[in-house]
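First comes the structure, then the notes that go with it.
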Amino acid sequence: MNNEYVSMWKDLGLNLEAHDALLSVLGNAYKDIFLAQKNRPEGMGYFDFVMSEVHGLRIKELLDEKLQGRKIIGSYCVFVPEEIALAANATLVGLCSGADFAMEEVERYLPRNTCALIKSSFGFKLGKVCPYLESADMIVGENTCDGKKKAYESLGSLVDNLYIMDLPQMKSDQGRDLLRHEYNRFKNAVEELTGVAITTASLKEAIKTVNAKRSALHRLSMLRKAEPVPISGLDALLANQVFFYDNPARFTEAVNKICDEVENRIEKKQGIALEKTPRILLSGCPMAVPNWKLPWIIETSGAVIVGEESCVGERGVRNLTKDSGTTVDELMDAITDRYFKVDCAIFTPNEDRLEHIVDMAKTYKADGVIHYCLQFCHPYIMESIPVEKALEEKNIPCLRIETDYGMEDVGQVKTRVEAFIELIKD
Ligand code: BJ8
């Protein structure tokens, strides 16, 4: 292990022994799941590198930025606008985690029947294994689902830099006003943190940067309509996950490079899987690194994933922000309008999401949809029933899977996935 990193982690207050154990599990899983795939686009080498340095070089870069006066803001939700952070000379990083850690300690703060995503975030804090969280100058908690909302009350006793953002639950005029008000409050808080006043020019520039990275990922998504499918769902998910950690401009360039390569593959009819391999659309809860269990099960069971209807996927990147405003206020309105379209299951009613899933299934020519919920995630579990009905009406088969971060149910989930794939085969 690089000694420079060890002292960096030590200075951040990480538990080196636990952190080593985490990195070794992560490294092995990565090797078995990602590197074991055949015929990957060469451009994925960039993402392999990013993942191998996700707690190393990237953290060093963030700490170097901090030395130059930049602030780091951590977030658990795609409702936290990166544009505002960037415009005020701050870097936004995702803090959600996808592995169980320090569960005994976690259950001293949270009930056992809390979703794995929330528990995992606490586990990474309590187990002192997340260098992103320890580097953050501000941690944003948002009032989305009840689990997160109440968990942040406890998180406030573990960190001293928690900022709470309120969020609407309905797509009404009042809901939009609340979001606009909260984004303004967030803008003021970020300006106070960084000491940098956001200007029309800096906000426009930030919008362009974030639009570019969203467009690149969306371009990659669109290429997955091709038959045979040119890139695996696992690799596409990885790019969507790295979105939350990497330097935005570098990330955009890397994704666009892969797109060029994938376009070439499509021209040559080169696929990651044979033609007629059953195509699956994955829909539901976000999948944070290293939560790769279900995609790995699907893609080792004879199917290929062609899209992710998720915040780590199309829900997070499909809408862009208009950058035509000529004042900060106009641009803040455009940011509000863009984020207000995010169709998270915490909204009621949430018809847009149902329509979007049906639409995605058609666009990506999916043979079936697997709706994925983390256990105890009430918004998505409740919504999985109307999702299934909406798909049924269009004769699109749907399999609902509820799982967690543990590996105990792999056999059982695989059996159900295999049966579903058999059913949707031509
Ligand atoms: S906009 S999906 S990132 S809230 S899995 S913690 S919903 S109980 S993550 Fe999310 Fe923002 Fe919505 Fe997206 Fe709660 Fe469910 Fe757990 Fe969840």
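What residue, among those in segment 90-149 that are in contact with a strand residue (DSSP E or B) (Cβ under 8 Å, 6 or more places away or on another chain) and of a type in the set (S, T, N, Q), is nearest to Val6 (Cα to Cα)?
By that ranking, first place goes to Ser135.
Looking at segment 174-187, can you tell me whether even one residue there is within 11 Å of the ligand (Cβ to nearest atom), modelled with pLDDT of 95 or more, under 30 Å from Asp337 (Cα atoms) and not hydroxyl-bearing (Ser, Thr, Tyr)?
Checked against the condition, which is being within 11 Å of the ligand (Cβ to nearest atom), modelled with pLDDT of 95 or more, under 30 Å from Asp337 (Cα atoms) and not hydroxyl-bearing (Ser, Thr, Tyr), segment 174-187 yields no hits at all.
Any idea which residue in segment 104-137 is farthest from Val54 (Cα to Cα), counting only those that are in contact with a Lys or Arg (Cβ under 7 Å, 6 or more places away or on another chain) and among the aliphatic types (A, V, I, L, M)?
Filtering first and then ranking leaves Leu110.
Out of segment 7-56, which residues are surrounded by fewer than 15 Cβ atoms within 10 Å (Cβ to Cβ) and more than 25 Å from Lys293 (Cβ to Cβ)?
Ser7, Lys10, Asp11, Gly13, Leu16, Glu17, Glu42
Pairs under 7 Å by beta carbon, first residue of a type in the set (Lys, Arg) in segment 57-86, partner within 16 Å of the ligand (Cβ to nearest atom) and part of a loop (DSSP other than H, G, I, E, B), six or more apart or different chains?
Here the result reads Arg58/Tyr245, each pair linking segment 57-86 to a residue that is within 16 Å of the ligand (Cβ to nearest atom) and part of a loop (DSSP other than H, G, I, E, B).
Looking at (1) part of a helix (DSSP H, G or I); (2) of a type in the set (A, V, I, L, M, F, W, C); (3) more than 10 Å from the ligand (Cβ to nearest atom); (4) crowded, with 17+ Cβ neighbours inside 10 Å, can you tell me which one Ile381 breaks?
Result: Ile381 fails condition (3) only.
Does segment 79-93 contain at least one residue that is more than 16 Å from the ligand (Cβ to nearest atom), under 14 Å from Val242 (Cβ atoms), modelled with pLDDT of 95 or more and over 18 Å from the mean Cα position of the chain (by Cα)?
No, because not a single residue in segment 79-93 is more than 16 Å from the ligand (Cβ to nearest atom), under 14 Å from Val242 (Cβ atoms), modelled with pLDDT of 95 or more and over 18 Å from the mean Cα position of the chain (by Cα).
Assigned to a loop (DSSP other than H, G, I, E, B) and in contact with a helix residue (DSSP H, G or I) (Cβ under 8 Å, 6 or more places away or on another chain), is that true of Phe79?
Considered against the rule, which asks whether it is assigned to a loop (DSSP other than H, G, I, E, B) and in contact with a helix residue (DSSP H, G or I) (Cβ under 8 Å, 6 or more places away or on another chain), Phe79 comes out as yes.
Having 2 or more residues that are touching a residue at least 60 places away in the same chain (Cβ under 8 Å) and over 16 Å from the mean Cα position of the chain (by Cα) is the bar; report the helices (runs of 4 or more DSSP H) wholly within segment 236-320 that clear it.
Passing ranges, in order: 248-267, 293-299.
Looking at segment 353-366, is at least one residue closer than 24 Å to Lys276 by Cα, surrounded by fewer than 22 Cβ atoms within 10 Å (Cβ to Cβ) and hydrophobic (A, V, I, L, M, F, W, C)?
Within segment 353-366, one or more residues are closer than 24 Å to Lys276 by Cα, surrounded by fewer than 22 Cβ atoms within 10 Å (Cβ to Cβ) and hydrophobic (A, V, I, L, M, F, W, C).
Tell me, yes or no, whether segment 323-336 has at least one residue that is closer than 21 Å to Gln241 by Cα and among the charged types (D, E, K, R).
Checking segment 323-336: not a single residue is closer than 21 Å to Gln241 by Cα and among the charged types (D, E, K, R).
Those residues that are in a loop (DSSP other than H, G, I, E, B) and within 16 Å of the ligand (Cβ to nearest atom), I need them from segment 108-160; list them, please.
Tyr109, Leu110, Pro111, Arg112, Asn113, Thr114, Cys115, Asn143, Thr144, Cys145
Report every pair of residues separated by at least 6 positions or lying on different chains whose Cβ atoms are under 7 Å apart, first residue within segment 184-209 and over 15 Å from Glu83 (Cβ atoms), second part of a loop (DSSP other than H, G, I, E, B).
Sorted first by the residue in segment 184-209, then by its partner, the pairs are Leu193/Asp137.
Within the group Glu388, Glu351, which residue is modelled with pLDDT of 95 or more, more than 10 Å from the ligand (Cβ to nearest atom), of a type in the set (Asp, Glu) and out of contact with any strand residue (DSSP E or B) (no Cβ under 6 Å at 6 or more places or on another chain)?
Exactly one of Glu388, Glu351 is modelled with pLDDT of 95 or more, more than 10 Å from the ligand (Cβ to nearest atom), of a type in the set (Asp, Glu) and out of contact with any strand residue (DSSP E or B) (no Cβ under 6 Å at 6 or more places or on another chain), namely Glu351.
If you scan segment 1-27, which residues turn out to be farther than 17 Å from Gly127 by Cα and in a loop (DSSP other than H, G, I, E, B)?
Answer for segment 1-27, where residues must be farther than 17 Å from Gly127 by Cα and in a loop (DSSP other than H, G, I, E, B): Met1, Asn2.
Against the conditions (1) touching a Cys at 6+ places or on another chain (Cβ under 9 Å); (2) touching a residue at least 60 places away in the same chain (Cβ under 8 Å); (3) not polar (S, T, N, Q), where does Arg219 fall short? Just the number, please.
Condition not satisfied by Arg219: (2).
For a quick check of your reading of the model, give me the residue pairs whose first member lies in segment 145-169 and is under 15 Å from Tyr109 (Cα atoms) and polar (S, T, N, Q), whose second is within 12 Å of the ligand (Cβ to nearest atom) and assigned to a loop (DSSP other than H, G, I, E, B), with beta-carbon atoms closer than 9 Å and at least 6 apart or on different chains.
Sorted first by the residue in segment 145-169, then by its partner, the pairs are Ser154/Leu110.
Return a yes/no flag: does segment 28-39 have any residue that is more than 24 Å from Tyr163 (Cβ to Cβ), charged (D, E, K, R), more than 21 Å from the chain's Cα centre (by Cα) and in a loop (DSSP other than H, G, I, E, B).
Yes, there is a match, as at least one residue in segment 28-39 is more than 24 Å from Tyr163 (Cβ to Cβ), charged (D, E, K, R), more than 21 Å from the chain's Cα centre (by Cα) and in a loop (DSSP other than H, G, I, E, B).
Has segment 325-345 got any residue that is within 13 Å of the ligand (Cβ to nearest atom), part of a loop (DSSP other than H, G, I, E, B) and of a type in the set (Phe, Trp, Tyr)?
yes
The values are calculated or read from the model by the stated rules, or taken from the named source; none is laboratory data. This one's a predicted model, so the numbers in the text were calculated from it and none came from an experiment. Ideal geometry is used to build each Cβ from the backbone, glycine not excepted, and the neighbour counts take in all protein chains shown.
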